[in-house]
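A short worksheet on the structure shown next.
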Amino acid sequence: MADASTVKCLARLKAFVARGYGLALVLFAGTVVLTIVWLHYYDSPLPFTGIALSAIAITFWRGRTKPGILAVLLATLIRSYFFQPATTVVARILYDSVFLVFALVMIGLTRSRDELEMNVAERTAELTAANEKLKIEIVERKRAEIQSRVLIDAIPQQIWSGPPDGRLDYFNERWRAYTGVGLEEARGDGWQRILHPDDRERVPKAWRESVLNGTPFEIEERRRGADGMYRWFLALGIPSRDAEGRIVRWYGTNTDIEDRKRAEEALRLSEQEQRQLVAQLGRERARLVEAQEVAKMGSWEAELQSLNVIWSEQTHRIFETDPAHFHPTRPKFREFIHPEDRAKVDAAFAASLDQRSPATVEYRIVMPDGRVKIIEEHWQAFYDEAGKPVRVAGTCRDITERVRSEEELQRVRDRIDSILNSVSDTFILFDRQWRYLYLNEAAVRATGRPLKEILGHVLWELFPRVVGTELDRQFHRAMNDRVHVEFDFHFLQAGIDQWWEIRTYPQTEGLAVFATEITERVRAEEELQRLSGQLLQSQDEERRRISRELHDTTGQNLVALATDLSQIRASIPSSSRELRALASRCQELANQCVREVRTLSYLMYPPLLDESGLPDAIRQFLDGFTKRSGIKVELEVSPNFGRLREDVELALFRIVQESLTNIHRHSGSPRAKIILDRRSDYVTVEVSDTGRGTSGTKLGTSRGMPFQVGVGISSMKERVKLIGGSLEIVSGTSGTTVRARVPEATEGHEKTTSADS
């Protein structure tokens with residue numbers, strides 16, 4: 001083949017030379033013909049010079065240098081022997097010099113043209129080679145980009161990126177699978193629609209500031225998943241810059257921190273015993289957040305045939321190697337791996353090749369200074385048409401801080417469990433479907449069942465008898481309305497008689513419940529109420545006895561004394577004015593004592609209450625009250641009010657008496673109104689004024705009361721409780737109203753009940 005090429009080249013060269021010399025001969029043949037024709041008409045050979053010079057120029061330009069020199073020789077010979085001008089020898093030499101000089105000029109021009117053509121050819125060849133190289137690089141970049149997309153989609157992390165203006169244009173498969181949003185729908189600002197409504201202003205604002213200032217982006221946000229539920233994520237974004245410092249693209253990750261958020265919520269549920277721990281956990285979390293670095297991820301690629309290994313710059317940073325001096329190989333890589341983890345990594349690599357599936361492994365690497373890092377690595381093998389593995393590509397990520405954080409979080413959870421299990425109160429956490437998520441040891445003991453039979457089960461299925469009770473209503477109110485509820489619950493089932501003070505706290509995942517057994521306290525309150533009732537009853541009986549003694553004994557004696565003083569005064573002579581005046585004063589004092597004893601006797605226990613009933617007793621009391629206080633009181637009694645039980649009439653009379661006393665002492669109202677109303681199933685007594693509200697009271701949340709009360713109102717409350725009624729007090733700027741409601745109990749019914757008993 002080499003001889004054939006040489007022959008072919010020689011043939012081309014001969015053809016080219018032949019064309020050049022042939023051109024010279026043809027041109028000068030034509031020159032001779034033209035000159036002969038010219039001489040036929042004109043007797044002057046001078047045009048031959050111009051025609052010859054043109055022929056020489058054409059020969060040099062088309063046939064190159066040697067045919068051009070031949071053209072010069074031919075021109076000189078033809079002119080000398082065929083067209084000799086009638087000149088001297090000197091003139092002939094000058095004529096010949098013209099051809100020589102012109103030949104030298106043409107030789108220079110021809111060489112310049114040849115050099116120019118050679119330079120153009122060389123530059124053209126260089127450009128052609130550069131163009132081919134550029135095409136190869138473009139193909140390689142596209143292939144690398146496709147491989148990078150495949151690797152990013154294989155990463156178990158949500159990855160996103162976008163141009164320098166911040167309008168994101170790429171989200172990996174893990175991001176799209178979690179959100180259920182397509183790539184086209186999420187591009188630009190579409191990703192903001194999956195943010196929690198409370199974060200849709202805060203997060204985009206922080207992102208715009210990072211894009212505007214070119215600073216790293218870091219924020220905690222809530223994102224909606226494809227199932228419609230929101231979870232907390234830590235979003236991190238960093239700008240990628242070129243050699244001149246210009247941002248060329250943004251890259252970011254989203255890390256699920258829902259478990260950490262739930263732990264924080266669990267800490268906030270504890271009461272005073274856990275507050276110190278919550279504060280300590282907050283400080284630990286703050287230090288953890290400050291120490292946490294942005295997650296970095298490197299990539300690598302290995303050709304199995306050539307054993308060529310390529311690390312990205314980030315991979316070199318993770319392994320703390322210099323890309324300019326360290327050339328990675330499989331043996332060098334194994335030297336980094338902790339000796340205890342090398343077998344695990346080798347086994348995972350071999351298994352992935354055998355099973356032809358992606359692989360993930362965590363292992364430790366040891367730095368030259370003895371530090372240990374924890375690496376999470378993912379890789380996937382690529383095969384040729386014959387099914388033979390030819391290349392492996394993967395990613396590696398330093399998860400040392402994440403592992404340390406998870407270990408610390410687990411220790412905190414263990415401490416929370418220890419504290420919750422050390423308190424005597426029961427603590428239970430339900431999800432939104434009322435399934436048990438967590439119980440401390442006190443709660444497990446209270447349920448009387450093993451923990452494994454409780455967790456994951458529904459409250460209403462384990463304890464069906466509480467359905468429809470106050471606990472059922474209050475729990476659903478707290479869960480549905482998302483409000484904090486406190487209430488007391490009497491659990492009386494299966495031989496268990498217990499009182500519980502229950503506090504509910506709505507959570508993101510459901511409802512947290514603290515419960516304290518208060519059976520002993522309730523029993524003590526009931527005993528105190530019973531003793532208070534006995535004390536009030538004893539007081540009323542003693543008042544009745546003292547009232548009768550004052551009326552029957554002391555009052556009668558004072559009346560007799562006044563009568564005797566009247567007789568003494570009548571027996572004193574009119575001349576003894578001083579003695580008569582003294583007797584008059586003594587008689588007036590005796591009469592005043594009679595009136596005061598009668599009033600005191602009535603206030604302690606009105607006899608008319610036993611004789612005529614509650615309305616007449618109140619009327620008689622109002623006559624004296626109006627005279628003493630100057631307050632006009634209107635009494636309104638429903639028709640056929642009738643008689644009530646003795647204890648009911650006495651309790652309602654005391655309520656009216658105490659209410660009017662408070663009006664006189666505190667309200668400053670000139671008027672008051674009393675309403676006695678009797679219905680088929682209850683009796684109502686209402687006392688109201690138009691004063692400035694009850695003095696000495698304080699708005700609060702006392703059980704059943706709109707405000708905390710003084711001694712007199714507490715006495716009214718106890719009296720109403722003893723007869724099975726309720727007391728309501730409403731106090732404001734327009735006045736105060738005291739309203740007592742008692743279930744229907746007639747005098748005859750009370751007697752029948754007593755006889756039956």
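The table for this structure:
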quantity	calculated
Residue that is at pLDDT 90 or above and surrounded by 13 or more Cβ atoms within 10 Å (Cβ to Cβ), where the choices are Arg364, Arg317	Arg364
Residue match in the range 390-408 (condition: in contact (Cβ under 8 Å) with a residue 24 or more places away in the chain and more than 30 Å from Trp300 (Cα to Cα))	yes
Whichever residue in the range 237-259 is open to solvent by less than 20 Å² (accessible area, probe 1.4 Å) and of a type outside the set (S, T, N, Q) and, among such residues, is farthest from Gly162 (Cα to Cα)	Glu258
Number of positions in the range 321-341 that are in a helix (DSSP H, G or I) and in contact with a strand residue (DSSP E or B) (Cβ under 8 Å, 6 or more places away or on another chain)	3
Residue tally, condition open to solvent by less than 50 Å² (accessible area, probe 1.4 Å) and either at pLDDT below 85 or assigned to a strand (DSSP E or B) (or both), over the range 152-171	12
Criterion violated by Lys717 - all others in (1) at pLDDT 50 or above; (2) touching a helix residue (DSSP H, G or I) at 6+ places or on another chain (Cβ under 7 Å); (3) surrounded by 17 or more Cβ atoms within 10 Å (Cβ to Cβ) satisfied	(2)
Index of the failed condition, Arg342 passing every other in (1) open to solvent by 40 Å² or more (accessible area, probe 1.4 Å); (2) modelled with pLDDT of 85 or more; (3) within 13 Å of Val392 (Cα to Cα); (4) over 39 Å from the mean Cα position of the chain (by Cα)	(3)
Given (1) of a type outside the set (Phe, Trp, Tyr); (2) within 30 Å of Arg432 (Cα to Cα); (3) open to solvent by less than 50 Å² (accessible area, probe 1.4 Å); (4) in contact (Cβ under 8 Å) with a residue 24 or more places away in the chain, index of the condition Leu234 fails	(4)
Within the range 181-282, helices (runs of 4 or more DSSP H) holding 1 or more residues that are closer than 18 Å to Ile159 by Cβ, in contact with a Ser or Thr (Cβ under 9 Å, 6 or more places away or on another chain) and at pLDDT below 90	183-186
Hits in the range 584-621 - residues which are in contact with a helix residue (DSSP H, G or I) (Cβ under 8 Å, 6 or more places away or on another chain) and either among the aromatic types (Phe, Trp, Tyr) or modelled with pLDDT of 75 or more (or both)	Ser584, Cys586, Cys593, Tyr602, Tyr605, Gly613, Leu614, Asp616, Ala617, Ile618, Gln620, Phe621
Qualifying positions in the range 624-668 - under 60 Å from the mean Cα position of the chain (by Cα), farther than 19 Å from Gly725 by Cα and crowded, with 18+ Cβ neighbours inside 10 Å	Leu660, Asn662, Ile663, His666, Ser667
Odd one out for Gly387 among (1) loosely packed, with under 13 Cβ neighbours inside 10 Å; (2) assigned to a strand (DSSP E or B)	(2)
Filter result for the condition that a residue is modelled with pLDDT under 85 and surrounded by 15 or more Cβ atoms within 10 Å (Cβ to Cβ), over Val392, Val412, Val309	Val412
Cβ-Cβ under 8 Å pairs, at least 6 apart or on other chains, the range 446-474 side modelled with pLDDT of 85 or more, far side assigned to a helix (DSSP H, G or I) and polar (S, T, N, Q)	Ile454/Thr447
Residue match in the range 734-756 (condition: closer than 22 Å to Pro639 by Cα, surrounded by fewer than 16 Cβ atoms within 10 Å (Cβ to Cβ), at pLDDT 75 or above and of a type in the set (Ser, Thr, Tyr))	no
Checklist (1) more than 30 Å from the chain's Cα centre (by Cα); (2) exposed (fewer than 15 other Cβ atoms within 10 Å of the Cβ) applied to Trp379, failing item	(2)
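The values are calculated or read from the model by the stated rules, or taken from the named source; none is laboratory data. As the structure is a prediction and not an experimental result, all values here were calculated from the model. Every residue, glycine among them, receives a Cβ derived from its backbone with ideal geometry; neighbour counts consider all protein chains shown. Ligands, DNA and RNA are excluded from the accessible area calculation, which covers all protein heavy atoms including side chains. Shrake-Rupley method; radii C 1.70, N 1.55, O 1.52, S 1.80 Å.
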